[in-house]
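> Below: one structure in structure tokens.
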Amino acid sequence: MMHVAPYVIAAWIFVVGLYGLVTTRNLIHAVLCLSVMQSSTYVLLLSIGFRRNAGAPIFSVDVPPGTPAVDPVMHALTLTDIVVGATVMALVLALTMQVHRKTGSIDPHKARSISG
Amino acid sequence: MTDRVRFALFAAGIVPLGVFLVWAVAGLSPFGYYPGPYGDVVNAIATAQRHVLNVATAVNFDYRGFDTLGEEYILFTSVAGLILILRERRQTQGKRTSLGETERADGVGALSLVLLPVIVVFGMYMAVHGGLTPGGGFQGGAIIASGFLLAYLGSGHPAFHAIGKIEILEVFESLGAAAYVVIGLAALGLGLSFLQNFMPLGGRGNLVSGGTIWAINIAVMLEVATGLVIALSEFLKEIEP
């Protein structure tokens, strides 16, 4: 069970966020659900690159190159993931303000007749 | 679409998704047993090839430098889109939702302004040490922007907009975004591939080491810090008293 636990947790975070996105009546809540779904990818990426009894892929005098380390490619991908997530969230929140201005509501059910 | 139909669609979609997720997880190598080979190869060669000790930084700004260029421009475009939406909104609407200015103790305001330069210096420290320790341009830039947020929280709107002049920030943001591409093009000018590392690598473990990795980190720091402060500034103008 321990061999798949982090993958199961990543899937669970993704599905929980998806459920929130489907059932929400508030666009700001929807943006946060999207952010929860994205967090699942951080867990998944870091879990795939993890290696037992290995350190971070950062070497020094005490930890010379060649010491067992986890996959740095996954760390780099996660960094990209976080940056893109944060900036897109800011943009989507600005769009939410625009929806509120056009329709007077942030309930996605009421904001369907948006135009222009 | 009623809530019932919506939920039925969700239920119909989630079952196959669950099946696919179980299938996918079953095919992954067990947690803690990374199969390789890419991570191992990069870990083995990066310090010798690029003279940086943080291999994740080497991947981000050198081996995968082209992807990070795209990442930086996602940030740049998001901030530009955010500015467009919010400014258009303010110009056509005129009236803003004002939350009023909160009363703050003088000491809190003074402390927030004293801490700002300290946080900015710490952010720069994080960015220039990107090749040696955990850190880099993205982290350093985010730390610098947090200093400006603290200045707003402690001192309010007038101080924030006086420190973070949007005209100056926009110039620095463009400089940061352009510097990354210029470094890439400079390699082309020398007859190398786009974004190939052409600067002197420096001694392994030295502050200035890693060649273009070091330079790109500073460009990214400039772009991230100013981009985030601009986004912050545009959102704060929405609730200005």
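> How far apart, in nm, are two points set 7 Å out from the Cα along the Cα-to-Cβ line at B:I168 and at B:F10?
Here the modelled spin labels are 4.9 nm apart.
> Oh, and also: How many angstrom separate the Cα center of the stretch B:1-70 from the Cα center of the stretch A:1-41?
16 Å
> Towards the positive end of the charge dipole of chain A, with charges on Cβ (+1 Lys, Arg; -1 Asp, Glu), say which of A:A90, A:L32, A:I106 has the farthest Cα.
So the residue we want is A:I106.
> Rank these for me by crowding, B:E170, B:E71, going from fewest to most other beta carbons within 10 Å.
Arranged by neighbour count, lowest to highest, B:E170, B:E71 become B:E170, B:E71.
> Compute, for the protein assembly as shown, the length of the dipole vector about the Cα centre, with Cβ point charges of +1 (Lys, Arg) and -1 (Asp, Glu) only. Units Debye, rounded to 20.
860 debye
> Looking only at B:V55, B:V108, B:V121, which one moves most when chain B is put into a Gaussian network model with springs between Cα atoms under 10 Å?
B:V108
> Another question, if that's okay. Given the options B:F31, B:F194, B:F138, state which has the largest fluctuation in a GNM of chain B using a 10 Å cut-off (strictly under) for Cα springs.
Result for chain B, Cα springs under 10 Å: B:F31 fluctuates most.
> Using the Cβ atoms and a cut-off under 15 Å, what net charge is assigned to the surroundings of B:A56, where Lys and Arg are +1 and Asp and Glu are -1?
My count for the surroundings of B:A56 gives -3.
> So what is the 222 nm mean residue ellipticity for chain A from helices alone, if each DSSP H run of at least 4 adds -39500 (n - 2.57) and you divide by all residues, rounding to the nearest 500 deg cm²/dmol?
For chain A, the value works out to -22500 deg cm²/dmol.
> Let me ask another. Which value, in debye to the nearest 20, gives the size of the charge dipole of chain B about its Cα centre, when Lys and Arg are +1 and Asp and Glu are -1 at the Cβ?
260 debye
> Output the direction-averaged projected area (hull surface divided by four) of the convex hull of the alpha-carbon atoms of the protein assembly as shown, in nm².
If I average the Cα hull's projected area over directions, I get 21.9 nm².
> Out of B:G36, B:G136, B:G156, any idea which swings most in a Gaussian network model of chain B, alpha carbons joined below 10 Å?
B:G36
> Using each residue's phi in the stretch B:185-192, evaluate 6.51 cos²θ - 1.76 cosθ + 1.60 at θ = phi - 60° and report the 3J(HN,Hα) Karplus result to the nearest Hz, with x for Gly and Pro.
Along the stretch B:185-192, the couplings run 6, 4, 4, 4, x, 8, x, 9 Hz.
> If you stretched the chain out fully between B:E238 and B:L111, how much longer would it get, using 0.36 nm times the residue separation minus the C-alpha to C-alpha distance?
Once the chain is fully extended between B:E238 and B:L111, it gains 43.2 nm.
> Between the stretch B:192-241 and the stretch A:43-116, what is the C-alpha centre distance in whole Å?
18 Å
> Taking the Cα centre of the protein assembly as shown as the origin and placing charges on Cβ (Lys, Arg +1; Asp, Glu -1), which of B:A26, A:G49, B:N197 is farthest toward the positive end of the dipole?
After comparing all options, I get B:A26.
> Under a Cβ-only charge scheme (Lys and Arg +1, Asp and Glu -1), can you give me the dipole magnitude of the stretch A:5-113 about the Cα centre, in debye to the nearest 20?
Dipole size: approximately 540 debye.
> Can you give the Rg to Rh ratio of the stretch B:3-65, both from alpha-carbon atoms, with Rh computed by the Kirkwood formula?
Computed over Cα atoms, the ratio is 1.32.
> Sticking with this structure for a sec: 7 Å from Cα along Cα→Cβ at both B:A48 and B:V19: what's the point-to-point distance in nm?
Going by the 7 Å Cα→Cβ label model, 4.9 nm.
> Which whole-Hz couplings ³J(HN,Hα) result when phi for each residue of the stretch B:151-159 is put into the Karplus expression 6.51 cos²θ - 1.76 cosθ + 1.60, θ = phi - 60°, listed in order with x for Gly and Pro?
Calculated HN-Hα couplings, in order: 4, 5, 4, x, 10, x, 4, x, 5 Hz.
> Which whole-number percentage describes the relative contact order of chain A, with Cα contacts under 8 Å and a sequence gap of 6 or more?
26 percent
> Pop out the ³J(HN,Hα) list for the stretch B:135-143 in order, Karplus 6.51 cos²θ - 1.76 cosθ + 1.60 with θ = phi - 60°, rounded to Hz; leave Gly and Pro as x.
x, x, x, 5, 5, x, x, 5, 5
The numbers here are math on the coordinates, done by the rules we state, and not lab data. Quick caveat, the model's predicted, so the values are computed rather than measured. Note that each Cβ is placed from the backbone with ideal geometry, even for glycine, and that neighbours are counted across all protein chains shown.
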